1. On the first, second and third principal axes, largest extent first, how far apart are the outermost C-alpha atoms of region C:300-448 in Å?
2. Separation of region B:102-155 and region A:35-53 by C-alpha centroid, Å?
3. Quick check: the angle from helix B:456-474's long axis to the longest principal axis of chain B, C-alpha only, nearest 10 degrees?
4. Please list, or write none, the lysines whose alpha carbon is within less than 22 Å of the alpha carbon of C:K206, excluding same-chain residues fewer than 8 places away.
5. Roughly how many Å is it from the Cα centre of region B:402-429 to that of region C:221-251, as a whole number?
6. Note the full-extension length gain between C:T55 and C:Q4 as 0.36 nm times their separation in residues minus their Cα-Cα distance, in nm to one decimal.
7. Angle between the Cα long axis of helix C:412-437 and the longest principal axis of chain C, 0 to 90 degrees, nearest 10?
8. Enumerate the calculated ³J(HN,Hα) couplings along region C:303-311 in order (Karplus 6.51 cos²θ - 1.76 cosθ + 1.60, θ = phi - 60°), each rounded to whole Hz, writing x wherever the residue is Gly or Pro.
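The values are calculated or read from the model by the stated rules, or taken from the named source; none is laboratory data. Because the structure is a prediction, the values reported are computed rather than measured. Cβ: placed from backbone, ideal geometry, glycine included. Neighbour counts: every protein chain shown. Each accessible area value is taken on the protein alone, full model and side chains, heavy atoms only, with ligands, DNA and RNA left out. Shrake-Rupley method; radii C 1.70, N 1.55, O 1.52, S 1.80 Å.
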Amino acid sequence: MFDFILSKYNYWIYIILMMIGFYAMIGKKNLVKKIIGINIFQTAIILFFVSTAAKRGGTLPIVEHAHGHGIHHIHAASYVNPLPHVLMLTAIVVMVSTLGVALAIVIAIYRRYNTLEEDEILEQRK
Amino acid sequence: METIESIRPLLAVLVTLIGALLIVFTGERHRNLREFWTILVSVLKFVIVISMVPFVLEGRVLEYTIITLTQGVSLQFRVDQFGLFFGVLASALWIATSIYSIGYVRGLNEHAQTRYFFNFALCLSATMGIAFAGNLLTLFIFYEILTVSTYPLVAHKETEDAIMGGRKYLAYTLIAGVVILFAIIFIYTLTGTLDFKPGGFLLGRGQSTTLIFLFALLILGFGVKAALMPMHEWLPTAMVAPTPVSALLHAVAVVKAGVFGCLRIILYVFGPELLHNLDLWLILAYFAAFTVIVSGMYALAQDNLKRRLAFSTINNLAIIVMGAALLTPGAITGSIFHMGSHGFMKITLFFVAGAIYVKTHKENISELDGLGRQMPLTMGAFTIGAMGVAGTPPICGFISKWYLAMGCLEAKQVIFLLVLLISALMDVAYFFPIIYNSFFKIPKEAINPHLDEAPAMMVVPLVITAVISLILGIFPNAFFHFFNLASTAAAKILGGM
Amino acid sequence: MTPQSPVLLVVIPLIFAFLTLPFGWWRKGLCYPITLVALSLSFLASLHTLHTVITTGTIHYWLGNWEPPWGIEYVVDHLNAFVLVIVSFVSLVVAIYSKRSVEQELPEKIVFFYCVFLLQVAGLLGIVVTGDMFNLYVFLEIASLAGYALIAIGEDGAPFASFNYLIFGTIGACFYLLGVGYLYVSTGSLNMADLFQILPDLYQSKVVLVAFAFFMVGVGLKMALFPLHVWLPDAYTYAPSTVSALLAPLMTKVGAYVMIRIMFTVFKPQFCIELIPVTTILGWMAAGAILFGAVMALAQTDLKRMLAYILVSEVGYIALGVGLANRAGLTGAILHILNDSFMMLALFLVVGAIMYRSGKREISQLRYLHRRMPFTMAAFVIAALSVIGIPPTCGFFSKWYLILGAIDASQWAFVAVLLVSSLLNVILFFRVIEHAYLEPDEEHAGGGSELAITIEEAPLSMLVPILIATAGIMVFGVLSGKIISTVIQFAVPKCF
């Protein structure tokens, strides 16, 4: 049992991180904390993707002397999978944009209500 | 059965639709032009409808398919005898109603007249669609249009009562619409077609319990507009509407559309054979007979003239449904013909009620004493209409009731004959005092003893409809082979057996 | 040569979105024509795509000529060609409408507005056109982020509503991304067609099941399917009129499209129907949505908010059609994507026009509106009748197919829900119509003397889009049979 948990520790970490982020998004009253929650959540997903690509003993998927240098046998097993990394580059861009938009909205909210606490805002909006 | 492709039914529907648009765009500024459109369109429509009579009398069917709506069902017009009968009736009465309406709204200086005429035209467009619909879906489409376009007319006065009346009308008719829709879709899943066929198309499809259930749903659904008890409540409430609207509701479009729908269901969807097999016809006939008796009693108790007329309408509609339910040649002929004769007679009665209201602002029967001297033409027309409804020869009501009575005997159901006779007696009981009081009773307050009629725009139509009811009673075929349409329709339905 | 239109229709708005910034900086007035040009081109491209699909069948477009499943592939079949035309046309109509409304509501932000507006459209079109799971995520986020920004520039409560939407939207997007990850882990592919081939062997795998669950929740959040709709009413109420008119018809519909795509062409229908009872659950959620939306709408006094709740209920119709999982039901659902887009478009445009002229949108403040804005109100009535489902408006026909599907599936409860919701909509809309059209007696006690109320119709640039949307409602109603026989019957997955 313990072994099972340990051998998949990367997934456990991602799940724990994700839950922390999720809790912050839903449970926290402060808007900035919610944004931090979003970030933790997204980081957890990035971690998950990247860790799925990892291989024991794998290295960067850069093939040297590819053309015109004789025959090379490429062992796929010796390279990590590049695709999840590429996907996550895009996901990071999305994440940063989300952060930007979220912060801009929070600034607008702060200008209007002079607070970042959700309950106080709701109080004012009654 | 020979079928001809013809665009005429579509034209008959479109002409009023275009008329409605012209009315809106002419608007309040050019009243005379706007009213000219109304009259022009109504006459045009009548001419188009009449032009179809010769073809149909020869036993041919005019057909026009506009577009396929869903697999096996098109937006399609098919003009058969029964549909054309209704079409002729509605378009003829619309001419009278339009002229009368103009007199009425100007006499009372009503508000929102453009909306009023617009919706009126829309109603008639929908009614034509109902009359010429070739399948249940097309019928339903126009049926719903009719419902919606009548609502502003019912709520026209915009008083508390009128708005409530409008709401009640919508509630009843739209709930009914939903019920009908469900039943139609169910039938579609059973058969894959919805085309009307004389003698019905459901024979041999589905289980008998399903069919009974569907029949009940459809009759309840269409029965709302046909004001079968206990779904009649909206009709007396809708009496708050202006009188031409009541006339439209009662004689031309709405309730007639309901009855028309019921008859289509009984005769063209289920058909005599199936109803005999399922023993539904007798139940339906009893159901209608119940309405006939009870509504007659209600009518006796009303003092408001229009409400009394409303219950009389409920009474007559139930007679029509009862006749159709008996499923014998005489009964079907009588019931179809009664749609027409009741239309002419009842519209006369409503016109009279409106004329009285415009002239004297009186609405209650107890106030009418001595009015016959002031408005002899109006009250004379009322007499003809009322005696016709009671079934006195030589007015057209007599002919329809004669055939209905024959039908009862053909079906060997004497009890319905008794119902007919009782209802005729009740008709006499609730109309005769009005006639007597208005002509012979000395009024309590002084009343203008001189001739002082409502505006000519109102009196002329009501005299004409009264005269037509009289003529139809003597020569049933005088009016564009009116009677032949009814009797051939009946023959065809039963021929399909 | 493969036609370039599938990629052009996404790229054009994207490029023009960036063009608006320099041109707008130079001359503010240029943004509007630039947007119109972009969206017209995009619409033409989508029409061309639809035409190609109808005549020659599914289009496969390889981005950068990279062969799938490695490269990103745009796949356009009947279903997405159909949705593409809807999206590009509706956004074009809204763009035409936007001019006066934006000038009044957001005079400072015209340039940015049009930039983000075009991004939003590009995102929506991209979601629809792509055949790659991850690419879909990217476009989903482009559309959503643009949506958050557009909503946030609305009136007083907008930033806060937008923030709520952002939280929910991000959760949805993250769930979707996780789903993509799980599928990738178990199959090694991101291409939808490829996944469709590989997945059946893995249907018993827990990972695939979880991935599917993530997808459903993620997409459910984006399309505001009850009970995941909580962000919607606030967001669409406080957003600028133009934005509501763009997002309300499109965002939820595109979400619904994604759901159909994933359920039936990434996974197999058999998976969603037999292996796990997703469609059944979906059906019940949809039934809940329909009733809940309508009942909540009844409680609203703000017209726009009422429409937002009606939108929740309309999303339920689409989901119900999918949940019925038979041919008629799906036909109804896909038809309703079209119909509801136009109904919501018309309704939100009308509310925007009312706001523009009077600044009011409480239902009780609508008095005399039929005289002030006769055409606008007529359009409202037609759209309302369509939502109720009165023939021959298009709303009736989607209801027809949905009820047909429910009867075919012997789901009597759903039949009842559909019928009852019609009646609830009657109450909803006639309440508004009564306020707008009927006047209490005393106000015209003088008989025919009309009160001196002048016509203040919406400006032409707003009125024309409203009338186009209304005409659409009528025309699609009558033509529904044609639309189904040329497009939708091929859009319904083959195995039904």
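1. 57, 28, 26
2. Between the Cα centre of region B:102-155 and that of region A:35-53, the gap is 63 Å.
3. 50
4. List returned: A:K8, C:K268.
5. Taking the Cα centre of region C:221-251 as reference, the centre of region B:402-429 is 63 Å away.
6. Working: separation 51, 0.36 × 51 = 18.36 nm, distance 1.59 nm.
Fully extending the segment from C:T55 to C:Q4 adds 16.8 nm.
7. With both axes taken from Cα atoms, the answer is about 30 degrees.
8. Taking θ as phi minus 60°, the curve returns 4, 5, 5, 4, 4, 4, 5, 5, 4 Hz for region C:303-311.
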